[in-house]
1. Would you call residue A:253 closer than 28 Å to residue B:100 by Cα and either surrounded by 24 or more Cβ atoms within 10 Å (Cβ to Cβ) or in contact (Cβ under 8 Å) with a residue 40 or more places away in the chain (or both)?
2. Here is a check on your reading of the model: is residue B:230 of a type outside the set (Ser, Thr, Tyr) and within 13 Å of chain A (Cβ to nearest Cβ)?
3. Suppose we filter A:204, A:212, A:198 for residues that are of a type in the set (Phe, Trp, Tyr), within 14 Å of chain B (Cβ to nearest Cβ) and free of Cβ contacts under 8 Å to residues at least 40 places away in the same chain; which single one remains?
4. Would you mind telling me which numbered condition in (1) buried (at least 16 other Cβ atoms within 10 Å of the Cβ); (2) among the hydroxyl-bearing types (Ser, Thr, Tyr); (3) within 14 Å of another protein chain (Cβ to nearest Cβ) residue B:196 fails?
5. Given (1) outside any loop (DSSP other than H, G, I, E, B); (2) more than 13 Å from every other protein chain (Cβ to nearest Cβ); (3) in contact (Cβ under 8 Å) with a residue 24 or more places away in the chain, where does residue B:166 come up short, assuming only one miss?
6. Say we look at region B:91-103 and pick out the residues that are part of a loop (DSSP other than H, G, I, E, B) and either crowded, with 17+ Cβ neighbours inside 10 Å or not charged (D, E, K, R) (or both); which of these is farthest from the other protein chains (Cβ to nearest Cβ)?
7. Only one of B:88, B:81 is touching a residue at least 60 places away in the same chain (Cβ under 8 Å), more than 10 Å from chain A (Cβ to nearest Cβ), under 16 Å from residue B:153 (Cβ atoms) and buried (at least 17 other Cβ atoms within 10 Å of the Cβ); which?
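The values are calculated or read from the model by the stated rules, or taken from the named source; none is laboratory data. Quantities reported herein were computed from a predicted structural model and do not represent experimental measurements. Please note: Cβ atoms are built from the backbone with ideal geometry, for glycine as well, and neighbour counts cover all protein chains shown.
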Amino acid sequence: MTAGRLGPFLLMCVAMFLGLGGLPILAASVADTEQSHLQRVLLLQDYNTRVVLLGTTLLGISGGVIGVFMLLRKRSLIADVVGHSALPGIAMAFILCEAARPGIGRNVPLLMLGAALAGLLGAVLVMVIDGFSRTKSDAAMAIVLSTFYGLGTALLTVVQHLPTASAAGLKDYLNGKTASLVASDVWVFAICSAVLLFVTALLFKELTLLCFDKEFAAAEGWPVFRLDALLTALVVGITILGMQSVGLLLVVAVLIIPASAARFWSNGIRSLTIISGTIGGLSAACGTIISALYPRIAAGAVIVLSGTAFFVVSMLFGRQRGLIWTVLEARRMQRRIGRHDLLRAAYEIVEADCCPDRHQVPSDAQLLNALFSHDQLIAMRTWSARRVRQLVQSACQHELLIPVGGSLRLTPEGAALARRAVRNHRLWELYLITFAEVAPSRVDRAADRIEHVLEPDVIRQLELRLTAQQTAAVPQSPHD
Amino acid sequence: MTEPQHPELVPLSIHDMTVAYQRRPVIWDIDFDAPAGSLIAIVGPNGAGKSTLIKASLDLVPKVSGDVLVFGEPYRAQRGRVAYVPQRSSVDWDFPVSALDVAAMGLYRHIGWFRPVTRRYRQEALAALDRVGMADFANRQISHLSGGQQQRVFLARALAQNADLYLMDEPFAGVDATTERAIVGILQELRASGRTALVVHHDLQTAPEYFDHVVLLNMRLVASGPMETAFTQENLRRTFGGKLPLLDQVGNRMAGGERT
């Protein structure tokens, strides 16, 4: 199916567009230095660029995969809480290290440990406040997030007044700075990302169950609390790994944007996860390349914006409830209903002509030979002359009507469809009248789909009644 | 209440159970033994603690006091013999899984940690879907199913567990006639094969028709026992406090001995 292939194609287009984000510069600039810089970046000639690219891409992939479960667990914002809560942990770790031995404050592993502990504490606090007080989870998240971030900012001010020079880079953790990444660190990150990815893959079935039906999982004896905690731990892991590339404040985007974008392409959790991981990896890679080209823009921002580009394209073109398809589908549906209304009107004209009391049903020959005009159709419903012209045109295109001189005639397909549409519509009206007390839950269904909504025996029963009442009082269509 | 002689034969034995949310007790002093191989309706007004009774039996909500034995042992040790059908509204039906995926969830415990759902288990899940007439919809995403079909998928998940005791929370709520018939058919199959089902049921009209035992609950256990002796007008009045317009109708039917 071509529509199915369109999706990946569009996403690839976005990736290429973003990946080649530097091309306009290439065209505009003739400066040698700049061109060679571009070449070096795009051809990945720098060892450091290659390693950073690998690290961020893996981070993007695992973020995209874990994000699917955060999204489905409806805990999207927990990642934001973890990110913001990590800040005081970094500052505290720095202060403690400086106190122990001045000058070693910026010890990356210790800072990460501090961030992890504080982030985890923030997430746990949200759960505690949510579970044991009357404060709801969204309020709990806002409280924890702002408190920790406030604390972190305060501590950073303290750090800046410490008599040491190494505090300068701490603020980079807020918005990310790939330039500060060193190859040796990135290898560690890459391995950690791969581990997170592996854990998620291993627990795929368990996490799916947790997100879908926690209560059933608990009744079945799965340790839901520990699985939930593990999911939070995975998010903390992503936050810590993303701290240096995308930064603490934006790490939520690495988790949630790819998953949300992927939701527009897939209705199955397995393909959803694969697509989300792919989008996460691609947007991280594109973001890294762009930020290598323009080192002055914060890397985190570029990675997030690349993800947003994927999201926007997915939201517009996604096969599963993407905006454009939804609109097209709705229009197609409306045209179909309009054509059915038109055919019903035609049928009713013929019926009024040949069997005025509705004592019998018009025969096929009568339906096929009858001629009727635009004006007759217009008189049947409250629709404008323009609308009828449109509908007639559409019906002619679908070979349901044929123009004969100035009049119209039903084709065999049109006659059959008209007969069915009228029958379904009358059955439906009869159903609404007969089973009025149970019907309201089903009235939103299209009348022409009656076979799909009602049970076969109900339809049989209705048909019997319709035949019995054919001679008596068939309910007049409300449009008459 | 006297202790049963062979506790391992009693599917569900609730002794002196009290459950409270925060400070407000929801159900008090429940004493109840489910007879094996029977279909038991749990009936009571809204807020009577019907769901809580089931959830507390499954250790999903903490008990203040009392204990629950499943075939003579704590539930923890007997999970494999119990299947739970939660209320349909308890999950998000826009979740990206198919009907088959949901039915297969009933087998996860059996499959065990870390292992994927292999073809063999998918076949089992499909067979469970077939039993509720949903095999044709196996690959459909669950949001594209009607309410009754979703309920049948939930039932299929429980059937896949092949348990001896089924606890169902409002399976008949808001379902179409086909689904209602399918559920009744499954209940009868279960009874015929000696299984026991405890079902929260809201429709007094159909309760005597579908079930053979009844538990009348309104925070306390009002009455329990075989339909003929326990489902009386007097007991219903004590359960519902005369709030129910249907009551007299049901009472008349019971008095007339009419079972449709």
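1. Taking the combined requirement at face value, the residue does not satisfy it.
2. Spelling it out, it is not the case that residue B:230 is of a type outside the set (Ser, Thr, Tyr) and within 13 Å of chain A (Cβ to nearest Cβ).
3. Values: A:204 fails: free of Cβ contacts under 8 Å to residues at least 40 places away in the same chain; A:212 fails: free of Cβ contacts under 8 Å to residues at least 40 places away in the same chain.
Being of a type in the set (Phe, Trp, Tyr), within 14 Å of chain B (Cβ to nearest Cβ) and free of Cβ contacts under 8 Å to residues at least 40 places away in the same chain holds for just one of A:204, A:212, A:198, which is A:198.
4. It fails just one condition, (3).
5. So residue B:166 meets the others, but not (2).
6. B:93
7. After ruling out the rest, the residue left standing is B:88.
For every residue, the table says whether it meets (1) within 30 Å of residue A:381 (Cα to Cα); (2) of a type in the set (Phe, Trp, Tyr); (3) in contact with a helix residue (DSSP H, G or I) (Cβ under 6 Å, 6 or more places away or on another chain).
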position: A:275; (1), (2), (3): no, no, yes
position: A:281; (1), (2), (3): no, no, yes
position: A:295; (1), (2), (3): no, no, yes
position: A:308; (1), (2), (3): no, no, no
position: A:323; (1), (2), (3): no, no, yes
position: A:326; (1), (2), (3): yes, no, no
position: A:330; (1), (2), (3): yes, no, no
position: A:345; (1), (2), (3): yes, no, yes
